[in-house]
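One structure is given below, encoded as structure tokens.
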Amino acid sequence: MTANVAQVFLTDDSWKKVISDVFRSLKVGGHFIFDSRNPLAKVWEEWEKDRTSDLAKDMLSGDPLEIYTEYEGFEGDIYTFYETVKNTKTDEVLVHEKMQIRFRNQEELDESLKQTGFSKIETYGDWDFKHANSKSRSFIFHCVS
């Protein structure tokens, strides 16, 4: 489970259901690997500084598109932002979507995995599989059922 998908499960119940379903689907000794951003790295501060929009092209019409993000910030450990896609030729807003992600700390993720039944849990700070520390931008969890 890559691309920080673990962060889209906003409630404890939804997260527990996902990892319980994964655990039940694995054979004994099966591996579950996922990543999540480290809240201590405060990556959202970099996001909020970048006010430039991205440019793209509508694949059907060929019209130019502008994609930009507006940041609302935190409520608890849930971060809210809005993604907007606008056709720059017609000025029409094609997409304006509220997005939310949850920043869980390493201890919280570890505990949820242990409670689910994973027997071996390793936490790395990058995809080179060097162990995580407080400065790691991400956590890569490698769990064995």
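Pop out the Kirkwood hydrodynamic radius of the chain from its pairwise C-alpha distances, inverse of mean 1/r, in Å to one decimal.
After inverting the mean inverse Cα-Cα distance, the result is 17.2 Å.
So which of K49/K135; K49/K86; K17/K114; K17/K120; K16/K130; K42/K130 end up more than 23 Å apart, counting from Cα to Cα?
K16/K130
Quick one: 3J(HN,Hα) in Hz for the stretch 49-56, Karplus 6.51/-1.76/1.60 with θ = phi - 60°, rounded, Gly and Pro as x.
Karplus values, whole Hz, x for Gly and Pro: 6, 7, 9, 7, 8, 9, 10, 8.
How many Å² of accessible area per residue for the chain, probe 1.4 Å?
62
Under the rule of at least 5 residues apart or a separate chain, name every residue whose amide H is placed under 5 Å from the amide H of R37.
For R37, the qualifying residues are F139.
Taking a probe of 1.4 angstrom, what is the accessible area of V93 in Å², to the nearest 10?
Estimated to the nearest 10 Å², V93 gives 80 Å².
For M99, M59, give the ranking by accessible area with the largest first, probe 1.4 Å.
The ordering from most to least exposed comes out as M59, M99.
Name all residues of the stretch 1-37 having a backbone nitrogen under 18 Å from the label point set 7 Å from the Cα of S138 along its Cα→Cβ direction, giving them as ranges.
1-9, 32-37
Would you mind telling me which residue in T80, T88, T116 has the biggest mean-square fluctuation in a Gaussian network model of the chain, where springs connect alpha carbons within a distance under 10 angstrom?
In the Gaussian network model the winner is T88.
Once the Cα atoms of helix 106-116 and of the chain are each reduced to a long axis, what angle between those two axes, in degrees from 0 to 90 to the nearest 10, is obtained?
So the helix axis and the longest Cα principal axis differ by about 60 degrees.
Tell me, which longest segment in the chain has none of the chymotrypsin sites (Phe, Trp or Tyr not before Pro) that fall in DSSP loops with at most 16 further Cβ atoms within 10 Å?
No qualifying site falls inside 1-126, the longest such stretch.
Specify the inter-centroid distance of the stretch 7-40 and the stretch 53-118, based on alpha-carbon positions, in whole Å.
Their Cα centres are 20 Å away from one another.
Against the longest principal axis of the chain, how steep is helix 12-25, in degrees 0 to 90 to the nearest 10, with axes from Cα atoms?
So the inclination is approximately 60 degrees.
When the Karplus curve 6.51 cos²θ - 1.76 cosθ + 1.60 is applied with θ = phi - 60°, which whole-Hz ³J(HN,Hα) does each residue of the stretch 129-135 get, with x for Gly and Pro?
6, 8, 4, 5, 9, 5, 8
Given a Förster radius of 30 Å and the C-beta distance between K98 and H131 as r, what FRET efficiency does 1/(1 + (r/R0)^6) yield to the nearest 0.05?
Efficiency, rounded to the nearest 0.05: 0.25.
Connecting C-alpha atoms closer than 10 Å in a GNM of the chain, tell me which of R104, R37, R24 has the biggest fluctuation.
R24
Which net charge results for the neighbourhood of K130, defined as the other residues with beta-carbon distances under 14 angstrom from its beta-carbon, given Lys and Arg at +1 and Asp and Glu at -1?
With Lys, Arg at +1 and Asp, Glu at -1, the neighbours total -2.
Can you tell me which of N133, N38, N87 moves the most in a GNM of the chain? Springs connect C-alpha atoms under 10 Å apart.
Highest fluctuation among the options: N87.
Sum up the charges of everything whose Cβ sits under 14 Å from the Cβ of N38, counting Lys and Arg as +1 and Asp and Glu as -1, but leave N38 out.
Here the count lands on -1.
Could you give each residue of the stretch 92-102 its phi-based ³J(HN,Hα) in whole Hz, using Karplus coefficients 6.51, -1.76, 1.60 with θ = phi - 60°, and x for Gly or Pro?
7, 7, 8, 9, 9, 10, 7, 10, 9, 9, 10
Normalised by the number of residues in the chain, what is the relative contact order in percent for Cα pairs under 8 Å and 6+ residues apart?
28
G30's amide H: which non-local residues (gap 5+, or another chain) put their own amide H closer than 5 Å, with H modeled 1.01 Å from N in plane and none for Pro or chain starts?
Those qualifying (amide H under 5 Å, at least 5 residues apart or on another chain) are S145.
The values are calculated or read from the model by the stated rules, or taken from the named source; none is laboratory data. Just so it is clear, the model here is predicted, and its values are computed rather than measured. Every residue, glycine as well, gets a Cβ built from its backbone with ideal geometry; the counts of neighbours run over all protein chains shown. Remember, those area values only see protein heavy atoms, side chains included, never the ligands or the DNA or RNA. Shrake-Rupley method; radii C 1.70, N 1.55, O 1.52, S 1.80 Å.
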